[in-house]
Amino acid sequence: MTADPLLQQLRLLCTSVPLAACTHCRLLRSPERGANATFDLYEELFTFAAGAPTLNNLGNHVLHVVKRKGSMPWRGSYDMYLSPSLTANSPSVLVGRVVPTTAGGVYTILQRSSDYVQTLVTDESLIEWQEVCAVQYDPHVLGSTGPREMTAIVHAVVDDSPLVDSRSLIDRYRRGADTDPGIIPLINKPPIFISETASYALDFGPRVTMRSVKNFQLIHPHDKDYIVMQFGKSAPNSFALDIRFPMSPIMALGIAITSLDRKVIYNLALPFFSSSSDR
């Protein structure tokens, strides 16, 4: 494959989904866990009959994710590469990275800086990175129950360009999201508690068919009907991933990876760490 289609694919992965569109993807997880975990992202193809979309089959394999070993099991980062099927005759192309910034459920999602999206630099030591998203998982107080709570902080987009600042997104968020017009904090949509079954429920439609603590929908706090991103389980190692503006595929995949990662979250009631389970 020539360089031009690869560059086109790279730019699409690093660019926000168009405002009126929704990109449907499928994330497949390898049976292995821990340091040997890998993930593969596919586009999904749909056919339309009587106006209703029906899944036809998996489309292009666009991204392959591998975990890099860290000093501790929960410290390893995740590297995103263009699909080997796209780069069969070229070196691997690293396009994104998910980095756990602390042991407390905070992650930074990086992608190639805009200059390096225009060229297929394959020497990883030469790539410059830009932060495109930060994800924070709120710890549970000892004895509390219920779904996980998370916030994904992204840059505000004006005239198709993100408002980038030299400070980290998580630092800007913690200093006051309400007074910083350059960031958008997205929250997971709160599920409804069903007293008859003593469980929480959230309407994912037909795309998600299995219960999991890792299922979520991201919304803007002031527009709870606009679902920016939906992620949910449909088989033991298969997850639906639906993306809307202002998410890019790199950002959405990175957020999904944080949901699947084994987190070591500080418990607020006792001075020790408790690990979240993988369900």
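Here, each number is a calculation from the coordinates, and none is a lab measurement. Source: prediction; values computed, not measured. Ideal geometry is used to build each Cβ from the backbone, glycine not excepted, and the neighbour counts take in all protein chains shown.
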Low-density loop cleavage sites - trypsin sites (Lys or Arg not before Pro) in the range 167-242, where at most 11 other Cβ are within 10 Å (DSSP): none
Residues whose placed amide H lies under 5 Å from that of VAL228, excluding near-sequence neighbours: LEU218, ILE219, HIS220
